[in-house]
Amino acid sequence: MRRRTVFAALGAAASASALAACGSNETPSAAPSKDKGNGKLVIWADTKRTAVLKKYADQFGKDNGITVEVKEVAENLQTVFVTASQQGSGPDVVVGAHDWIGNLVQNGAIDPVQLSAAQKSAFAAAAIKAVSFNGQTYGAPYALENIALVRNTDLAPAVPASVEELVKAGQDLKKAGKASEILLCQAGAQGDAYHIYPLYSSAGGSMFGLTSAGDPDPKNVTVNSAESIAAFAKLKDLGEKGAGALKTSIAAENVVATFTSKKSAFFITGAWNIADIKKAGIKYEITPVPAFAGGKPAQPFLGVQAFFVAAKGKSKALAQEFVANYVTNKEVAMALYDADPRPPALLAAIDEAKAKDPDVAKWLDAGKDGLPMPAIPEMAAIWGPFGNAEVAVIKGNDPKTAADAAAKAINDAITKK
Amino acid sequence: MTTPATSGGTTSAGSDRSPRSGVPRQPGRRDPGRALGAARFSRETTTGFLIGRVIALGLVGAIDLFMVPPLIAGGHWAGLAILVVVSVAVAFLYLTTRLIPYKYLIPGTIFLIAFQVLPILYTLTTAFTNFGDAHRGSKEEAVVAIQTSSLQQVANAPEYALSPALKDGKLVFLLVTTNDAGEKRVQAGTEDGLADVPDASVGLTGRINDAPGYTVLTPAEAAGRAEQIGALAVPTDQGAIKSSGLSRAVELKATKLYDPGCDCVTDVDSGTKYTADETQGYFVSPSGEHLAQGWQVSVGLHNYARLFTDPSISGPFLGSFVWNFAFALLSVFCSFALGLACALILHSPRVRGTKFYRTLLILPYAMPSFAMLLVWRDMFNTDFGLVNRLFGLHLDWLGQPWTARMTLILINMWMGFPYMFLVATGALQAIPRELTEASSIDGASPWQGFRRVTLPLLLVALSPLLISSFAYNFNNFNAIQFVTRGGPYPPDNVSSGATDILITYTYRLAFGGGGAQFGFAAAISTIIFAIVATMSILVFRRTRALEEVYK
């Protein structure tokens, strides 16, 4: 397989250099060859999306007289895709999260998608921003996701205006014996940077500084800046030795069960857990994660699910057609929404989804000031050390020590690559 | 801790010795070797054996044939040659009546080479490269990726609706643009540039219905020529028009260009030159910035040097090593002690319902270990875990170094004792009861009988298994990763935790923050392999001495 990949790459190189040569009026030499894909498009997606994609992919196949194969990759889709793509056995299109982009690009695994200005303006601005990397658009977004505060309205009828109010309400419920936990914000023994980020950012913390272009700057890790240390101190006050709202025992594997068994009134989570909450018959309300009194707004991370064109696919033109011109239409977006209710990225589909389900508007409202999750490959260095620092302060350790240690580990990982 | 035999290279030395050192010979027993030999002589005439041989060879042939088309398609001629030679050799070997020793040697040798020698060689060679994220492919691939991802739409260029067509058998782009007044203009784009097509009829969506002199391709025909359509570039003043899918085209220009002359990539907009650096596998600018896409290069001993010279790596290495050693040793010791105790109890002729108890004891062994590890982790949760609730405690078991370590050994003991129970039961049944009876007649207490007679005989049989079990637990990644992930971490050093063993610690180094670094991971693997191999050899030396004594 490897030899074939090299030939394909050289072909692509020829056309790229042909493009480059065009300015100087040389005759470009795009060597036509027979279609290696034989009119077949291969799409890889995770378990949830495979079934619904199949239907629309078949339609696309019929319209274009080709066969479309949708393959389910149940685990580690990103890693499997990168490895397979390098061996030349990868798909033409892959469905994944936008924060993969940095890694996929550095491995030369995906190609840019040339969306027209009109196509771009049909999407939520944040979604297009999220799939942009180094000034290039790398995918067609289809769903947005962010976390919010889900509240059990039987236990807590009023929207807490601040973190302090939330903690107070939670403590009162605990004292009254109506709940056993103040707040469900999953941390676990390893910490969870994604779920703590709204509170951390409201307390003034940040992860990276910004480059002049406004992108996160991996050379400027701000996890131990004065503001961030102050933020960790605030998390410590909420932690096990403080208010008891943040606990390492609260983890991914028990948050949903704890909320659905009405042991806590407040749950910081995303749309993916709503189905379970509905099934348990909990009366709930979705509101933005509150900020600390007098603090900055609580900014959740914004995630975008997108379609990518594989750089080493065998039917690239078909893949481009599918991603740039087909999945950008409303019906596909709505079908994917029905399969997995995360707010769609297409504005027209957002309106329709809002009409179908009032929660959609609430999720979007909670995420409207969200920070698109940095897609830079260096983001991988954040999760572990940041989570460990989070755990350290939740357990009541010194914020500065924890933040410094995290910053050192993050910088080590980034620079020693 | 499950079957040590499945743990790969480090344990193979353990399992292949057990038949020889295993069961002490009994005078009255049938010698299995002789039985086999007798069967061999009578075999040549049995039709059943012949059919079996034909079926087995047919299966091997079928599998080999199955592998041929992909090998040819991929152009792996060396692989194909090896496949053919091996298949022919195997077929010849089992169809001839001669070369009998090789019939027993060859299958094992083939599997040894395929599953042990080749992976080890591959790991060793990888250890000298920077293979990993951003360094997976060749330089050519990196150049292609850099140039492709630098293609930008030319500012203010029109949007083209694309209808691929043929003229004299050659692919042509029929491009429709609409101006502000809504008038449509049709142009034909070829490798030579754009030319107006005056009399084309344009459909509502911008597709060409008909153009004199051109054969417009149907979507299906276009899809069949997708590759050609993707490759065609229509030159313009600023760049080129390329298809974006099959129904739309855009004018693009490359903003990064590779020049083989200087072996560098130039950013057209800023003028920055990124020169190829073959030691790093990156294009690097004078200010030290590098482009995202890199390629695989040889880095010599760099990966090993990094292991030993980087204080943030070598520092925690020793601490992890001590705990790693203790963890493996205690896991084996505890699970062996418990397994042996259970086996001894059930071995006693006075116990009834042994079958029932044996089934019960083997149950943990039958459950998927990773699921059980997660269940155990949740049982030790401070607020929601079964353990704290049962005992009315509020202990953060996995959150403090010593309790976390203790918990891990406890869990691993539970995971491992059924295996020990099984092998100990087997070995006990092979020890003749006359020996213990004889010792008790000589006046030995039951404890003395066990200590002086049963245990030594058991150890002769089981010590290879214990060693392989130790080697397995030394690298028991799952037990640590699923339960604590190396934690708890001291607040002042978040890179190495209290329960980190070498493999979890280095896994995080190689696949954590810096993305996947296979080269580095391979270097670490070889070091761990060397450590485990050394220890195994040392212990084997000792057991061999033991064996001589009891022969």
Looking at the range A:251-261, can you tell me whether even one residue there is within 17 Å of residue A:156 (Cβ to Cβ), modelled with pLDDT of 90 or more and under 22 Å from the mean Cα position of the chain (by Cα)? yes
So for the range B:330-337 (the condition being touching a residue at least 60 places away in the same chain (Cβ under 8 Å), out of contact with any Gly (no Cβ under 9 Å at 6 or more places or on another chain), within 13 Å of chain A (Cβ to nearest Cβ) and outside any strand (DSSP E or B)), does at least one residue qualify? no
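From the list B:215, B:255, which residue is more than 7 Å from every other protein chain (Cβ to nearest Cβ) and surrounded by fewer than 18 Cβ atoms within 10 Å (Cβ to Cβ)? Explain how you work it out, then say what you get.
Values: B:255 fails: surrounded by fewer than 18 Cβ atoms within 10 Å (Cβ to Cβ).
Exactly one residue qualifies, and that residue is B:215.
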In the range B:130-144, residues that are open to solvent by less than 20 Å² (accessible area, probe 1.4 Å) and either touching a helix residue (DSSP H, G or I) at 6+ places or on another chain (Cβ under 8 Å) or more than 7 Å from chain A (Cβ to nearest Cβ) (or both) total 8
Considering residues that are under 25 Å from residue A:403 (Cβ atoms), open to solvent by 30 Å² or more (accessible area, probe 1.4 Å) and in contact (Cβ under 8 Å) with a residue 12 or more places away in the chain, the number found within the range B:456-489 is 1
Restricted to the range B:441-455 and to residues being in a loop (DSSP other than H, G, I, E, B) and of a type in the set (Gly, Ala, Ser), the residue surrounded by the fewest Cβ atoms within 10 Å (Cβ to Cβ) is B:443
The one condition residue B:438 fails out of (1) part of a helix (DSSP H, G or I); (2) in contact with a helix residue (DSSP H, G or I) (Cβ under 8 Å, 6 or more places away or on another chain); (3) of a type in the set (A, V, I, L, M); (4) surrounded by fewer than 22 Cβ atoms within 10 Å (Cβ to Cβ) is (2)
Checked against (1) without any contact (Cβ under 8 Å) to a residue 60 or more places away in the chain; (2) among the β-branched types (Val, Ile, Thr); (3) surrounded by 19 or more Cβ atoms within 10 Å (Cβ to Cβ); (4) within 11 Å of another protein chain (Cβ to nearest Cβ), residue A:110 satisfies every condition except (1)
Restricting the range A:288-297 to residues that are open to solvent by 20 Å² or more (accessible area, probe 1.4 Å) and either part of a loop (DSSP other than H, G, I, E, B) or at pLDDT below 90 (or both), the one nearest to residue A:271 (Cα to Cα) turns out to be A:288
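In the range B:440-458, how many residues are within 44 Å of the chain's Cα centre (by Cα) and farther than 16 Å from residue B:340 by Cα? Spell out how you get there, then give the answer.
Our first condition is that a residue be within 44 Å of the chain's Cα centre (by Cα); within the range B:440-458, this holds for B:450-451, B:453-458.
With farther than 16 Å from residue B:340 by Cα added as a condition, the list becomes none.
Total meeting the criteria: 0.
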Scanning the range A:61-93 residue by residue, those more than 25 Å from residue A:106 (Cβ to Cβ), within 12 Å of chain B (Cβ to nearest Cβ) and either buried (at least 19 other Cβ atoms within 10 Å of the Cβ) or of a type in the set (S, T, N, Q) (or both) turn out to be A:61, A:64, A:66, A:67, A:68
Residue A:407: passes all of (1) open to solvent by 10 Å² or more (accessible area, probe 1.4 Å); (2) more than 9 Å from chain B (Cβ to nearest Cβ) but (1)
Within the range A:77-94, the residues that are of a type in the set (A, V, I, L, M, F, W, C) and outside any helix (DSSP H, G or I) are A:93, A:94
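Picking from A:321, A:240, A:285, A:253, which residue would you name as being more than 30 Å from residue A:180 (Cβ to Cβ) and either in a strand (DSSP E or B) or charged (D, E, K, R) (or both)?
Working: A:240 fails: more than 30 Å from residue A:180 (Cβ to Cβ); A:285 fails: more than 30 Å from residue A:180 (Cβ to Cβ); A:253 fails: more than 30 Å from residue A:180 (Cβ to Cβ).
From the options A:321, A:240, A:285, A:253, the qualifying one is A:321.
The values are calculated or read from the model by the stated rules, or taken from the named source; none is laboratory data. Small disclaimer: the values here were computed from a predicted structure and weren't measured. Here the Cβ is made from the backbone with ideal geometry for all residues, glycine too, and neighbour counts use every protein chain on show. Accessible surface is based on the protein model in full, side chains and every heavy atom, while ligands, DNA and RNA are left aside. Shrake-Rupley method; radii C 1.70, N 1.55, O 1.52, S 1.80 Å.
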